[in-house]
Amino acid sequence: MQIAQHTVVTMTYTLTDDQGQVLDQADAAQPFAYLHGADNIIPGLEKQLAGKQANDSLVVTVAPAEAYGEYDERMTQQVPRSMFEGVPEEQIFAGAEFHAQTGAGNQTIRIAAVDANSVTIDANHPLAGVALTFDVTILNVRAASAEEVAHGHAHGEGGHHHH
């Protein structure tokens, strides 16, 4: 069966950035499963997987525009350190992440820099502006159940489990 709309794909992958650093992976012991056509994975990878089938292997490099977007300087902001009043000092460091309510909803914000009076925050996705390379092996392709289509994600092994 070929990967198409409303199929559940089970695969292994290794994800690397443009420096070849491994960012994420799923192996045969714990494969990754997703519902194709439901925006469960980045658009650039989903496009390249369409039409593939079990046992196919491919290496796909996805440009930032089809992954997590280009890096946008406007999404960084310097705020007074007083905005972090009540936050323990050891939690305020470059690289720390926190959740914030923004105009775009609940967002993960990263601290980019800290000095005596201010904190620079960055709302870009950590992988914004990064070309991503996926080394993928398709293990299985099957038709999605009506329930999976309704829920918008894969269930069962490697997929989402309801408790």
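Within the stretch 58-105, the residues that satisfy the criterion of being touching a residue at least 40 places away in the same chain (Cβ under 8 Å), of a type in the set (S, T, N, Q) and either over 24 Å from ASP39 (Cβ atoms) or open to solvent by less than 40 Å² (accessible area, probe 1.4 Å) (or both) are THR76, GLN77, GLN78. Under 30 Å from ALA26 (Cα atoms), aliphatic (A, V, I, L, M) and under 18 Å from the mean Cα position of the chain (by Cα) - does that describe any residue in the stretch 106-113? The answer is yes; a qualifying residue exists.
Residues of the stretch 14-40 being surrounded by 16 or more Cβ atoms within 10 Å (Cβ to Cβ), in contact with a Leu (Cβ under 8 Å, 6 or more places away or on another chain) and among the hydrophobic types (A, V, I, L, M, F, W, C), which ones? Answer for the stretch 14-40, where residues must be surrounded by 16 or more Cβ atoms within 10 Å (Cβ to Cβ), in contact with a Leu (Cβ under 8 Å, 6 or more places away or on another chain) and among the hydrophobic types (A, V, I, L, M, F, W, C): just LEU15. Count of the stretch 32-54 residues, restricted to those that are under 16 Å from PHE134 (Cβ atoms) and within 16 Å of the chain's Cα centre (by Cα), is 12.
Only a single item in (1) in contact with a strand residue (DSSP E or B) (Cβ under 8 Å, 6 or more places away or on another chain); (2) of a type in the set (S, T, N, Q); (3) farther than 30 Å from ILE138 by Cβ is not met by THR16, and it is number (3).
The values are calculated or read from the model by the stated rules, or taken from the named source; none is laboratory data. Because the structure is predicted, anything quoted here is derived from the model rather than measured. Heads up, the Cβs are rebuilt from the backbone with ideal geometry, glycines too, and the neighbour counts pull from every protein chain shown. The protein model used for the area step is the full one, side chains on, heavy atoms only, and it has no ligands, DNA or RNA in it. Shrake-Rupley method; radii C 1.70, N 1.55, O 1.52, S 1.80 Å.
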